[in-house]
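Below: one structure, written as structure tokens.
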Amino acid sequence: MSGLFGTINTGKSGIFASQKAIDVTSHNIANANTDGYSRQRAKLQTRRPFCTPAFNNAVGPGQMGTGVEVSEIERIRDAFIDYQVRVELGVNGEYSQREKFLSELESIFNEPSDTGISDILGNFFSVWHDLGGDAQTSSTRALVAEQANALAEELNHKYEQMQKLKGNAQDIIKQSVFDVNSILDQIKNLDEEIVQVSAAGNNPNDLLDKRDLLLDELSSKFGIKIDKKNYNGMDVSTKDDPNAQPPGGLNLVQHINPEDVARFGFISKIEPKEGTKPGEAGTYTVTYYKYGDMTSEKNKVTLDVLIEDDADLSKEGAMTAEQKVKKLEEGRVLWTNKDGLALDKEGKPALGEVDFSNLAVFTPSTGEIKGYSSVQQEIDNNINQLNKLAKALAYAVNAVHSQSENSKEDDLPFFVNGNVAKYDDSSNMVNLDDILNGEIDINAGNISINKSILKNPMLIKAGKTEDGGENNGLRATAIAGLRDKLMEIQSIQDKMNREEFINKLSGGFIEGEGGVLTLKGNTGGMKVDNFFKDTVNKLGIQVQDARRVVKNKLVVLSGFEERRASVSGVSMDEEMANLIQFQHAYQSNAKIISTVDELLDVVVNGLKR
């Protein structure tokens, strides 16, 4: 079309294009503060030109422009920056959670302080020293009993607090599993909608923003790999994760077969079956919930898992049965299929009894879930250190107090296993054999002063003889001297008895002052209070390191997010400039139409005059 009517169409196209551009600018301004929003731009292109009819176009004016049109509303996004941000989100998620829980662990120890274990431990040995110089008074004996009780209760309290902290980490893993499965379902639904819109020839920009925001949230939970597909579809997996099980990972979102995807289950309980001792090789009943949803018992599933020591423990990555149980307890996440059934390493449902080596346990290489799992290892390590301290203290004090390295020969142990010890109404022991047998299981959670001694401090064996009323205090002085004895506390094993500890880790018995037996000491060991201080110092270093990493990673992440914002973020100044530009374009095109209208009035109405 040519002539004035063609010019009107050209002006009309300019008005419509400017209107579209103003609409896009308005959308950008409205979503300037919307999380995950990427600014959009109306992409303009010339309309198909009009060829002037002629016998030979070479001598004519050639093609005449017919105006402008909006070819697409494009989203401004840099995929590489997105990749960098998501990698850093995973790393930051891991270390920020480690820093959070390690800081809480540090506050549990509360060292140094006037009420911490170090101070109570020092007071404990001091009152024994005082008792050595004043063994005949009941008040000094009462102080020993009360201080020992305070030390035991503080160890119990620290143990309980650390167990609760570990439980908190597991609760957060459960919530994370539930959230991750929900995010994956949302991404799957968005992906299907995006593909449908794209196949129809449109750009689903806002849907893409929603999906990218969910992918950012998912990447902070654990490392993901994204493979772009046709029509803006994608596959989401853990294929880049070297720890992925099954090997190579599984698709969490899939473009071709959307229903053939994996999900995650949360392990709520791990119990040894009859005939299997906790932490040892055997069959365990693993209870897990589909999708991490514990609101309904319909989601509860039990699975028998055979856990054994690896054949060659010298190989890299080989684990004992105890380490495998720990891995399940700390990780708590299983790969499942879409229906929530646990998978083996071939990606098939694990049915009946499954060997641990063939069970698909989710072990992320980065992200918050890894942070929650790894911090449990640190909590367990500190619990283990506290257990060693409690056991060393109980064995050393009981041995000198009874003057026997054999617990079976002890008729009045000073420290006992509180879970085993039983007393009558007068606080007299009623199950001495069980108490002595239970000494091997003493830890920070159950160490307790013998209630018979707490009720009657005059039973404390303070002198060389076992008569509670003696006044020489040599045995009390020997117990006070344990503070300076070198003991290989770090080498204590869970099932090590008193005799093994005295002879293998403490140098055995020697005669001290007045012929009282005491520990010789082990040059490869350390003092009791130094052992505890080393534990606290190591924790402090770990907290500082975690804070340093978090600080550094935040700087890197902030840099990437700023770069992404500079590309995809909405600049109000820029949008206002665009608004003025498109407003002027609209007015100018309207002026063209107005001018053509006047010309047409001349042609239609002016020629008859």
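From the list Val536, Val549, Val555, which one is within 23 Å of Ala392 (Cα to Cα) and either assigned to a helix (DSSP H, G or I) or free of Cβ contacts under 8 Å to residues at least 12 places away in the same chain (or both)?
On the way: Val549 fails: within 23 Å of Ala392 (Cα to Cα); Val555 fails: within 23 Å of Ala392 (Cα to Cα).
Residue meeting the stated conditions: Val536.
Here is a check on your reading of the model: is Val596 within 18 Å of Val91 (Cα to Cα), at pLDDT below 95, aliphatic (A, V, I, L, M) and open to solvent by less than 80 Å² (accessible area, probe 1.4 Å)? Outline the logic, then answer.
Values: within 18 Å of Val91 (Cα to Cα): no; at pLDDT below 95: yes; aliphatic (A, V, I, L, M): yes; open to solvent by less than 80 Å² (accessible area, probe 1.4 Å): yes.
Judged against the criteria, Val596 is not a match.
Restricting to the stretch 382-419, name every residue that is among the aliphatic types (A, V, I, L, M) and farther than 20 Å from His157 by Cβ. Working first, answer last.
Here is the first cut: in the stretch 382-419, the residues among the aliphatic types (A, V, I, L, M) are 383, 386, 389-390, 392-394, 396-397, 399-400, 412, 416.
Those that are among the aliphatic types (A, V, I, L, M) and farther than 20 Å from His157 by Cβ: Ala396, Ala399, Val400, Leu412.
Within the stretch 513-529, how many residues turn out to be at pLDDT below 90, in a helix (DSSP H, G or I) and open to solvent by less than 50 Å² (accessible area, probe 1.4 Å)?
Total meeting the criteria: 2.
Criterion first (hydrophobic (A, V, I, L, M, F, W, C) and within 33 Å of the chain's Cα centre (by Cα)) does Val556 satisfy it? Before you say what the answer is, go through the steps one by one.
On the way: hydrophobic (A, V, I, L, M, F, W, C): yes; within 33 Å of the chain's Cα centre (by Cα): yes.
In short, yes.
Which condition breaks for Ile510 when tested against (1) open to solvent by 40 Å² or more (accessible area, probe 1.4 Å); (2) within 30 Å of Ser220 (Cβ to Cβ); (3) touching a Ser or Thr at 6+ places or on another chain (Cβ under 7 Å); (4) among the β-branched types (Val, Ile, Thr)?
In the conditions (1) open to solvent by 40 Å² or more (accessible area, probe 1.4 Å); (2) within 30 Å of Ser220 (Cβ to Cβ); (3) touching a Ser or Thr at 6+ places or on another chain (Cβ under 7 Å); (4) among the β-branched types (Val, Ile, Thr), Ile510 misses (2) alone.
If a residue must be farther than 25 Å from Ile379 by Cα and open to solvent by 20 Å² or more (accessible area, probe 1.4 Å), how many such residues does the stretch 128-160 contain?
Residues in the stretch 128-160 being farther than 25 Å from Ile379 by Cα and open to solvent by 20 Å² or more (accessible area, probe 1.4 Å): 12 in total.
Of all residues in the stretch 194-206, which are hydrophobic (A, V, I, L, M, F, W, C), open to solvent by less than 50 Å² (accessible area, probe 1.4 Å) and more than 18 Å from Gln254 (Cβ to Cβ)? Even if it seems obvious, please write down each step before you answer.
Of the stretch 194-206, the ones hydrophobic (A, V, I, L, M, F, W, C) are 194-195, 197, 199-200.
This time we only want the ones that are open to solvent by less than 50 Å² (accessible area, probe 1.4 Å), so: 194-195, 197.
Listed by number, the list holds a single entry, Val197.
Checking the conditions here, which among Ser452, Ser448 is surrounded by 15 or more Cβ atoms within 10 Å (Cβ to Cβ) and either free of Cβ contacts under 8 Å to residues at least 12 places away in the same chain or assigned to a strand (DSSP E or B) (or both)? Quick ask: steps written out before the conclusion?
Working: Ser452 fails: either free of Cβ contacts under 8 Å to residues at least 12 places away in the same chain or assigned to a strand (DSSP E or B) (or both).
None of the other options fit; the residue is Ser448.
Hey, could you check the stretch 298-339 for residues that are buried (at least 16 other Cβ atoms within 10 Å of the Cβ) and of a type in the set (Ser, Thr, Tyr) and say which is nearest to Leu359 (Cα to Cα)?
Ranking the qualifying residues of the stretch 298-339, first place goes to Thr336.
Across the stretch 354-384, what is the number of residues that are crowded, with 21+ Cβ neighbours inside 10 Å, of a type in the set (S, T, N, Q) and more than 19 Å from Lys100 (Cα to Cα)?
Matching residues across the stretch 354-384 total 0.
If you scan the stretch 340-353, which residues turn out to be open to solvent by 10 Å² or more (accessible area, probe 1.4 Å) and aliphatic (A, V, I, L, M)? Show your work before the answer.
Restricting attention to the stretch 340-353, the residues satisfying the condition of being open to solvent by 10 Å² or more (accessible area, probe 1.4 Å) are 341, 344-353.
Scanning the stretch 340-353 gives Leu341, Ala350, Leu351.
Out of Ile194, Ile183, which single residue is touching a Lys or Arg at 6+ places or on another chain (Cβ under 9 Å), farther than 29 Å from Tyr372 by Cα, among the aliphatic types (A, V, I, L, M) and modelled with pLDDT of 95 or more?
Working: Ile183 fails: farther than 29 Å from Tyr372 by Cα.
Result of the check over Ile194, Ile183: Ile194.
Say whether the condition of being free of Cβ contacts under 8 Å to residues at least 12 places away in the same chain, on the phi < 0 side of the Ramachandran plot and either open to solvent by 60 Å² or more (accessible area, probe 1.4 Å) or charged (D, E, K, R) (or both) is met by at least one residue in the stretch 208-216. Quick ask: steps written out before the conclusion?
Initially, the stretch 208-216 is screened for residues free of Cβ contacts under 8 Å to residues at least 12 places away in the same chain, giving none.
No, the stretch 208-216 contains no residue that is free of Cβ contacts under 8 Å to residues at least 12 places away in the same chain, on the phi < 0 side of the Ramachandran plot and either open to solvent by 60 Å² or more (accessible area, probe 1.4 Å) or charged (D, E, K, R) (or both).
May I ask you to list pairs of residues, at least six apart or on different chains, whose Cβ atoms are under 6 Å apart, with the first in the stretch 500-512 being part of a loop (DSSP other than H, G, I, E, B) and the second being of a type outside the set (Val, Ile, Thr)?
These pairs meet every condition: Ser506/Met487; Ser506/Leu519; Ser506/Asn522; Gly507/Lys520; Gly507/Gly521; Gly507/Asn522; Gly508/Lys520; Gly512/Ala478.
With Leu474, Leu482 as the choices, which residue is over 25 Å from Asn384 (Cα atoms) and of a type in the set (A, V, I, L, M, F, W, C)?
The conditions single out Leu474.
Could you list, in sequence order, all residues of the stretch 85-112 that are over 30 Å from Leu213 (Cβ atoms), open to solvent by 30 Å² or more (accessible area, probe 1.4 Å) and not charged (D, E, K, R)?
Going through the stretch 85-112, the residues over 30 Å from Leu213 (Cβ atoms) turn out to be 105-112.
Those still in the list that are open to solvent by 30 Å² or more (accessible area, probe 1.4 Å) too: 106-107, 110-112.
Those that are over 30 Å from Leu213 (Cβ atoms), open to solvent by 30 Å² or more (accessible area, probe 1.4 Å) and not charged (D, E, K, R): Ser107, Asn110, Pro112.
Here are the criteria: (1) without any contact (Cβ under 8 Å) to a residue 60 or more places away in the chain; (2) assigned to a helix (DSSP H, G or I). Tell me which single one Thr115 does not satisfy.
Result: Thr115 passes all but (2).
Tell me, yes or no, whether the stretch 251-263 has at least one residue that is under 20 Å from Gly347 (Cα atoms), part of a loop (DSSP other than H, G, I, E, B) and at pLDDT 90 or above.
Going through the stretch 251-263, the residues under 20 Å from Gly347 (Cα atoms) turn out to be 251-263.
Those left that are additionally part of a loop (DSSP other than H, G, I, E, B): 254-261.
From the residues that got through so far, the ones that are at pLDDT 90 or above too are 254, 261.
Yes, the stretch 251-263 contains at least one residue that is under 20 Å from Gly347 (Cα atoms), part of a loop (DSSP other than H, G, I, E, B) and at pLDDT 90 or above.
Please give the number of the condition Ser126 fails out of (1) of a type in the set (Ser, Thr, Tyr); (2) in a helix (DSSP H, G or I); (3) within 30 Å of Asp545 (Cα to Cα).
If we test Ser126 against (1) of a type in the set (Ser, Thr, Tyr); (2) in a helix (DSSP H, G or I); (3) within 30 Å of Asp545 (Cα to Cα), just (3) comes out false.
Looking for whichever is farther than 30 Å from Ser103 by Cα, out of contact with any His (no Cβ under 7 Å at 6 or more places or on another chain) and of a type in the set (Phe, Trp, Tyr) here; the options are Phe501, Phe560, Phe531. Which one fits? Give the derivation first.
Numbers: Phe560 fails: farther than 30 Å from Ser103 by Cα; Phe531 fails: farther than 30 Å from Ser103 by Cα.
One residue alone meets the criteria, Phe501.
Return the only residue of Asp23, Asp35 being charged (D, E, K, R), surrounded by fewer than 17 Cβ atoms within 10 Å (Cβ to Cβ) and modelled with pLDDT of 95 or more. So that I can check it myself, show each step before the final result.
Numbers: Asp35 fails: modelled with pLDDT of 95 or more.
Going through Asp23, Asp35 in turn, just one is charged (D, E, K, R), surrounded by fewer than 17 Cβ atoms within 10 Å (Cβ to Cβ) and modelled with pLDDT of 95 or more: Asp23.
Somewhere in the stretch 69-84, is a residue surrounded by 15 or more Cβ atoms within 10 Å (Cβ to Cβ) and under 23 Å from the mean Cα position of the chain (by Cα)?
Yes.
Does Asp241 satisfy being buried (at least 20 other Cβ atoms within 10 Å of the Cβ) and either modelled with pLDDT of 90 or more or not small (Gly, Ala, Ser) (or both)?
Numbers: buried (at least 20 other Cβ atoms within 10 Å of the Cβ): yes; either modelled with pLDDT of 90 or more or not small (Gly, Ala, Ser) (or both): yes.
Yes: the conditions hold for Asp241.
Considering only the stretch 183-224, state which residues are in a helix (DSSP H, G or I) and more than 19 Å from Asp235 (Cβ to Cβ). I'd like the intermediate steps shown before the answer.
First, pick out the residues of the stretch 183-224 that are in a helix (DSSP H, G or I): 183-199, 205-221.
Those that are in a helix (DSSP H, G or I) and more than 19 Å from Asp235 (Cβ to Cβ): Asn205, Asp206, Asp209, Ser220.
Quick one: Trp335 ticks every box in (1) among the aromatic types (Phe, Trp, Tyr); (2) in contact with a strand residue (DSSP E or B) (Cβ under 9 Å, 6 or more places away or on another chain); (3) in a helix (DSSP H, G or I) bar one, so which box is it?
(3)
Determine, yes or no, whether Lys290 is crowded, with 20+ Cβ neighbours inside 10 Å, under 25 Å from the mean Cα position of the chain (by Cα) and of a type in the set (Lys, Arg). Walk me through how you get there before you give the answer.
Numbers: crowded, with 20+ Cβ neighbours inside 10 Å: yes; under 25 Å from the mean Cα position of the chain (by Cα): yes; of a type in the set (Lys, Arg): yes.
Criteria met by Lys290.
Here is a check on your reading of the model: is Lys370 touching an Asp or Glu at 6+ places or on another chain (Cβ under 8 Å), in a helix (DSSP H, G or I) and modelled with pLDDT under 95?
Working: touching an Asp or Glu at 6+ places or on another chain (Cβ under 8 Å): yes; in a helix (DSSP H, G or I): yes; modelled with pLDDT under 95: yes.
Yes.
The values are calculated or read from the model by the stated rules, or taken from the named source; none is laboratory data. Because the structure is a prediction, the values reported are computed rather than measured. Cβ: placed from backbone, ideal geometry, glycine included. Neighbour counts: every protein chain shown. When the accessible area is computed, the model is the full protein with side chains, heavy atoms only, and any ligands, DNA or RNA have been set aside. Shrake-Rupley method; radii C 1.70, N 1.55, O 1.52, S 1.80 Å.
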